[in-house]
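**Q** Could you have a look at this structure, given as structure tokens, before my questions?
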């Protein structure tokens, strides 16, 4: 659902709930997507998505046992938040600058473990390993684009990336974001040149010059 995108401020969102017919699994999905257009040159938008899976069952560990493998599954609660911020400034019909920032946080909190049986059934297990996951990424993409000729442009791109993956759960969105900012990060700058060559026109000029 979204309000009229032609307005200066438009809002969008979605709410979904799923009740799975297996091991009491259920899922919740929420999204909120506002967009604000300051004028014809400057606009801002954000996309906030929250997903929750209760009693989700999935692969946890595989151990080598003689000539076979012992496969362990786990029942876990999974919570995921994805927050994306975008802004774009158009200088003129040839030049613009865009910025995209994204923080992704997903945690898996294991409640119980099972052994995968020969027939695909889940059996009781005494596995006591720590399979909890607390995964964060923060990405920044800034792109400057200049179209200096028809179908030809130069782009300068700056990318920043931070990844934090651990088996200790951290409470709270702000705490996870702050801890992510203290992690090692990578930065890169790239330049791309796209130039259109009209082959037919070029061949005509070559033939004229040799006449």
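The values are calculated or read from the model by the stated rules, or taken from the named source; none is laboratory data. Everything numeric in this text was worked out from a predicted model, so none of it was measured. Neighbour counts run over all protein chains shown; Cβ positions are idealised from the backbone, glycine included.
**Q** Yes or no: residue 64 over 24 Å from residue 161 (Cα atoms) and out of contact with any strand residue (DSSP E or B) (no Cβ under 7 Å at 6 or more places or on another chain)?
**A** yes
**Q** Please list, ordered by residue number, the strands (runs of 3 or more DSSP E) wholly in the stretch 1-85 having 3 or more residues that are surrounded by 15 or more Cβ atoms within 10 Å (Cβ to Cβ). First the steps, then the outcome.
**A** Numbers: elements: 13-19, 26-32, 35-37, 42-65.
Here the list reads 26-32, 35-37, 42-65.
**Q** Any idea which of (1) at positive phi; (2) without any contact (Cβ under 8 Å) to a residue 12 or more places away in the chain is the one residue 55 doesn't satisfy?
**A** Exception for residue 55: condition (2).
**Q** Sticking with this one: Which condition does residue 109 not pass, out of (1) closer than 16 Å to residue 80 by Cα; (2) modelled with pLDDT of 95 or more; (3) in contact with a helix residue (DSSP H, G or I) (Cβ under 8 Å, 6 or more places away or on another chain), if it passes all the others?
**A** Only one criterion in (1) closer than 16 Å to residue 80 by Cα; (2) modelled with pLDDT of 95 or more; (3) in contact with a helix residue (DSSP H, G or I) (Cβ under 8 Å, 6 or more places away or on another chain) is unmet by residue 109, namely (3).
**Q** Determine which single condition residue 147 fails, assuming it passes every other condition in (1) modelled with pLDDT under 95; (2) under 30 Å from residue 24 (Cα atoms); (3) surrounded by 11 or more Cβ atoms within 10 Å (Cβ to Cβ).
**A** Of the numbered conditions (1) modelled with pLDDT under 95; (2) under 30 Å from residue 24 (Cα atoms); (3) surrounded by 11 or more Cβ atoms within 10 Å (Cβ to Cβ), the odd one out for residue 147 is (2).
**Q** Related question: When you look at residue 127, is it modelled with pLDDT under 95 and more than 18 Å from the chain's Cα centre (by Cα), yes or no? Let's see the steps before the verdict.
**A** Values: modelled with pLDDT under 95: yes; more than 18 Å from the chain's Cα centre (by Cα): yes.
Here the answer is yes, as residue 127 does meet what is asked.
**Q** Next question. When you look at residue 170, is it surrounded by 13 or more Cβ atoms within 10 Å (Cβ to Cβ) and touching a helix residue (DSSP H, G or I) at 6+ places or on another chain (Cβ under 8 Å), yes or no?
**A** Judged against the criteria, residue 170 is a match.
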